[in-house]
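The values are calculated or read from the model by the stated rules, or taken from the named source; none is laboratory data. The shown structure was predicted, so the numbers you read here are calculated from the model rather than taken from an experiment. Note that each Cβ is placed from the backbone with ideal geometry, even for glycine, and that neighbours are counted across all protein chains shown. Please note that ligands, DNA and RNA were not included when accessible areas were found on the heavy atoms of the full protein model with its side chains. Shrake-Rupley method; radii C 1.70, N 1.55, O 1.52, S 1.80 Å.
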Amino acid sequence: MADALSELTKNTLLVVGALFPIVNPIGNTPIFLSLTRGLSGQGRTVLARMIALNGLILILTSIFIGTHILAFFGISLPVVQVGGGLIVISTGWTLLRQANDDGTSGGGQREFNEADYSRQAFYPLTLPLTVGPGSISVAITVGANRPEGSEWRWPLIGGMLLGSALISASIYLSYRFAERLGRALGDSAMNVIIRMSSFILVCIGVQILWNGLSALLRTLVTVK
C-alpha cells in the first residue's frame, strides 16, 4: 500500500509539474478579463466553471487517448503544434491590437447573455487560451510515456486523474477571482498587463509553431 501511495503521489506531481507552467491559469487571468468584459461576477463564475470542466476533459482526453486519436486521423504531433501555434498567434495578435478604449467603464460595457459566453467557453477561452496546443502536446506526451503494461494499475490512472483535477481546480480559482485581481490592480495596470500577456501569447504561439516546423523539417532532411 505504501508503494502504491508513493506511485500515486509521483504520478500526480508529474501531471501537475508538467502542465501547470504551460496552462498558467494565473498568467492568463488578465486575458480572461479582457475577453469577458461586460460580464457580471456571477456570469464569470459560471464561465470559469465551464472553462475548468472543458480544460479537464481536454487534458484527460489528451493523456488517455490522445495518441490514438492522432493515429486514427493520421495526424502527427508536429502538425498539431503547427496548427495550434497559428491559432495561438492569431488570438494573441487580436488581443494585442485591441483598442484601449474597449475598456471596463460602465459606458463601454457590452451586454452578454448566457448563450454568448456559453459559445465562447470552449473557443477561444478554453482552447487555445487556457489549454492550448502546448498543453495538449505535453499531455499526450505524458500519456504516451506510460510504462509498458501499467495502463490498468490504479496508482497510475488515479495519479493522472488527480493531477488533471488539480489543474482544473487551479483554472477555476484563477478565473473565478479574476475580477477581484482586476479591481485591485486598476484599469491602467490591467491594460499594461493585458498588452504584455498578449505579446507573450504571440511569442508562445511562435515557439509552438517553430517546434512543429522544426520537427517536420527534420523528417524531410532524414528522408533525403
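Details
- Exposure ranking of TYR117, TYR123 by accessible area [1.4 Å probe, largest first]: TYR123, TYR117
- Rounded, prolate or oblate (a/c below 1.5 giving rounded, otherwise prolate when a/b exceeds b/c) for the chain by Cα gyration tensor: oblate
- For GLN98, residues with placed amide H under 5 Å, excluding near neighbours: none
- Of the solvent-accessible surface of the chain, computed with a 1.4 Å probe and all protein chains present, 66% belongs to carbon and sulfur.
- Three-way shape label, the stretch 29-87, alpha-carbon gyration tensor, a/c 1.5: oblate
- For THR94, the solvent-accessible surface with a 1.4 Å probe is about 90 Å², rounded to the nearest 10.
- Shown are ILE59, ILE87, whose ranking by accessible area with a 1.4 Å probe and every protein chain present, most to least, is ILE87, ILE59.
- Extending 7 Å from Cα along the Cβ direction at GLN98 and again at MET1 yields two label points whose distance is 5.1 nm.
- Taking amide H positions as modeled 1.01 Å from N, with prolines and chain starts lacking one, no residue 5 or more places away or on another chain lies under 5 Å from THR36.
- Loop-located GluC sites (Glu not before Pro) across the stretch 118-205 with a Cβ neighbour count of 11 or fewer within 10 Å are GLU148, GLU151, with loop assigned by DSSP.
- Charge dipole (Cα centre; +1 on Lys/Arg Cβ, -1 on Asp/Glu Cβ; no other charges) of the chain amounts to roughly 220 debye.
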